[in-house]
């Protein structure tokens with residue numbers, strides 16, 4: 001870790017506190033010149049660092065820039081195996097983590113980006129990922145002896161964790177539209193995409209890449225026209241450390257479920273947050289759509305629906321999409 005990264009960690013742990021250049025140099029075991037250069041480098045990256053004579057340097061409490069240091073200060077011990085990389089921009093965090101997985105990266109490798117140029121959604125859709133307003137995260141998982149049926153539960157855990165994280169930092173009630181969309185105030189604020197690779201011989205999971213995008217703030221120029229009636233954001237305006245805190249809370253809640261995945265109670269929590277149970281819906285197949293009523297979500301996270309002709313079916317997430325009527 002370089003001087004700039006060490007200084008940012010010190011500032012993030014002590015927002016609003018002034019440190020003299022001499023104190024910083026002593027704490028980091030570097031020269032005063034190195035401190036000055038690191039301060040200016042952080043300022044160039046957008047950090048608001050006040051400098052007051054006889055008081056020193058201070059990171060503004062209103063700073064809200066994604067950083068590994070800003071996230072790590074909120075992480076709990078359950079995230080001890082997380083290897084965190086934060087980037088200003090990528091094509092797709094899922095694509096990058098898949099590359100790392102194929103190269104042998106360990107479970108817990110996580111990439112968070114401030115912006116995606118080719119964000120991925122379900123069924124080949126794109127995911128709107130503008131700069132400075134969202135969190136775009138992908139996490140590498142390598143659960144042992146996980147079948148394709150079990151792999152869908154990763155998305156379920158993530159959906160519950162996303163709701164709990166949003167509520168922890170915003171006090172907004174969050175709900176789930178089966179299977180992978182998170183809503184608050186009637187608008188979608190988050191989408192989840194889990195991609196997996198399976199062994200040809202045993203059929204078990206080699207690895208899974210859990211991707212999640214969260215709209216933390218409304219984009220400066222608004223959402224694209226096609227999303228304006230659908231998309232929303234967690235916060236209506238800038239929130240002190242909103243992005244770092246929300247990213248960390250998601251990891252804390254998700255990893256708590258993941259490490260106890262054989263006995264965790266996330267399915268009941270998923271069901272209790274459902275936006276679709278009891279609602280009239282449209283089930284969208286590749287070649288048609290059918291009206292149905294959503295009856296329940298079973299222990300395997302399948303959606304149980306009743307069609308107009310009375311037939312009842314349990315739907316798997318990889319087969320269809322659902323639209324509220």
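What follows is calculated from the coordinates using simple rules that are stated; it is not laboratory data. What you see is a predicted model, and the numbers here were worked out from it, not measured in a lab. All Cβ positions, glycine included, derive from the backbone under ideal geometry; neighbour counts span all protein chains shown.
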Using Cα-Cα distances under 8 Å and only pairs 6 or more residues apart, what relative contact order does region 95-198 have, in percent?
21
Fraction of alpha-carbon pairs in region 19-141 farther than 23 Å apart, rounded to whole percent, equals 47
Describe numerically, in nm with one decimal, the distance between label points set 7 Å from Cα along Cα→Cβ at residue 117 and at residue 279.
3.6
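When DSSP beta bridges are limited to those with both residues in the chain, what percentage is antiparallel, rounded to the nearest 5?
85
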Counting other C-beta atoms within 10 Å, which of 127, 198, 254 has the fewest, and how do the rest follow?
198, 127, 254
Any idea what angle helix 3-13 forms with the longest principal axis of the chain, computed on alpha-carbon atoms, 0 to 90 degrees, nearest 10?
70
Distance (nanometres) between label positions extended 7 Å along Cα→Cβ at residue 260 and residue 31:
5.2
Over the Cα atoms of the chain, Rg to Rh with Kirkwood Rh, two decimal places?
1.02
Rg and Dmax of region 3-59, using alpha carbons, in Å: what are they?
9.8, 25
Using only Cα atoms and rounding to the nearest 10 degrees, what angle (0 to 90) does helix 32-44 make with the longest principal axis of the chain?
40
Between residue 102 and residue 289, 0.36 nm times their residue separation minus their Cα-Cα distance comes to what?
63.6 nm
Hey, what's the per residue convex hull volume over the C-alpha atoms of region 203-320, in cubic angstrom?
182
For the chain, built as a Gaussian network whose Cα springs stay under 10 Å, the top-fluctuating residue of 163, 48, 301
48
Of all alpha-carbon pairs in region 134-176, indicate the percentage at a distance above 16 angstrom.
50
Do you know the relative contact order of the chain, to the nearest whole percent, from alpha carbon pairs under 8 angstrom that are 6+ apart?
15
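Could you order peptides 39-47, 84-92 by the average number of other Cβ atoms within 10 Å of their residues, highest first?
Packing order, densest peptide first, comes out as 84-92, 39-47.
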Scattering curve values for region 280-324, log₁₀ I(q)/I(0), Debye with Cα scatterers, q = 0.14, 0.15, 0.26, 0.30 Å⁻¹
-0.27, -0.31, -0.95, -1.22
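Relative contact order for region 1-154: what percent, with Cα pairs under 8 Å and sequence separation of 6 or more?
Worked out over region 1-154, it gives 17 percent.
Need the full-extension length gain, residue 89 to residue 197, defined as separation in residues times 0.36 nm minus the C-alpha distance. One decimal, nm.
36.4 nm
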Put a dot 7 Å past each Cα toward the Cβ at residue 50 and residue 17; how far apart are the dots in nm?
1.6
With 23 Å as the cut-off, how large is the P(r) tail for region 158-258, expressed as percent of Cα-Cα pairs?
31
Taking R0 as 25 Å, what's the FRET efficiency between residue 80 and residue 206 from their Cβ-Cβ distance, rounded to 0.05?
0.60
Candidates 70, 186, 213; GNM for the chain (alpha-carbon contacts under 10 Å) flags as most fluctuating 186
DSSP-defined beta bridges in region 7-142 - what % are antiparallel, rounded to 5:
60
If each residue's Cβ is checked for other Cβ atoms within 10 Å, how do 253, 239, 245 rank with the fewest at the top?
239, 245, 253
When the Cα atoms of region 83-188 are enclosed in a convex hull and the volume is divided per residue, what value in Å³ results?
126
